[in-house]
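Peer 1: This structure is in structure tokens; I'll ask about it shortly.
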């Protein structure tokens, strides 16, 4: 669930709302934007009294989220997440290709694959080192 707070909501009021929600078994994740603050609630929000939350003057809107991936959902985190790996930015404006073998068998194999994926435009080399679902006796 997302609580969208009105523009200009003071830190003291946000703290008061968080304290009000702390009696429920939900995790409150504040996200402060340039004009709006939202509170992302993770957990069983069915126990919350929605009407009492709407009575809080600084709550502008309540959005229910049904997706199971609340912490990485665009509704909760509308901004892009950019991760730097060396000089490559993942999540920025360019599409980043990561390629490599399912499992690395030898130095020669991974070096050869590295040359090939680089020639094809991949920016990141990946390779599996161990697959727990595979039995060592399956080879």
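Peer 1: For the list (1) more than 30 Å from residue 127 (Cα to Cα); (2) in a loop (DSSP other than H, G, I, E, B), I need the number of the one condition that residue 79 fails.
Peer 2: All conditions pass for residue 79, except number (1).
Residue-wise test of (1) loosely packed, with under 11 Cβ neighbours inside 10 Å; (2) modelled with pLDDT under 95.
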| residue | (1), (2) |
| --- | --- |
| 35 | yes, yes |
| 54 | no, yes |
| 65 | no, yes |
| 81 | yes, yes |
| 104 | no, yes |
| 120 | yes, no |
| 133 | yes, yes |
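Peer 1: Only residues that are farther than 28 Å from residue 34 by Cα and in contact with a strand residue (DSSP E or B) (Cβ under 6 Å, 6 or more places away or on another chain): list them for the stretch 59-111, please.
Peer 2: 96, 98, 100
Peer 1: Out of curiosity, is residue 46 at pLDDT below 90, more than 30 Å from residue 127 (Cβ to Cβ) and exposed (fewer than 10 other Cβ atoms within 10 Å of the Cβ)?
Peer 2: Spelling it out, residue 46 is indeed at pLDDT below 90, more than 30 Å from residue 127 (Cβ to Cβ) and exposed (fewer than 10 other Cβ atoms within 10 Å of the Cβ).
Peer 1: Can residue 71 be described as outside any helix (DSSP H, G or I) and either out of contact with any helix residue (DSSP H, G or I) (no Cβ under 8 Å at 6 or more places or on another chain) or modelled with pLDDT of 95 or more (or both)? Even if it seems obvious, please write down each step before you answer.
Peer 2: Working: outside any helix (DSSP H, G or I): no; either out of contact with any helix residue (DSSP H, G or I) (no Cβ under 8 Å at 6 or more places or on another chain) or modelled with pLDDT of 95 or more (or both): yes.
Criteria not met by residue 71.
Peer 1: Among (1) outside the structural domain of residue 128 (by TED's automatic domain parsing); (2) within 30 Å of residue 126 (Cα to Cα), where does residue 106 come up short?
Peer 2: Answer for residue 106: the failing condition is (1).
Peer 1: State all residues of the stretch 3-33 that are in a strand (DSSP E or B) and over 14 Å from residue 56 (Cβ atoms); if no residue qualifies, say none.
Peer 2: 26, 27, 29, 30, 31, 32
The values are calculated or read from the model by the stated rules, or taken from the named source; none is laboratory data. All figures in this text were calculated on a predicted structure; none of them were measured in a lab. No Cβ is skipped: glycine too gets one built from the backbone with ideal geometry, and neighbour counts run over all protein chains shown.
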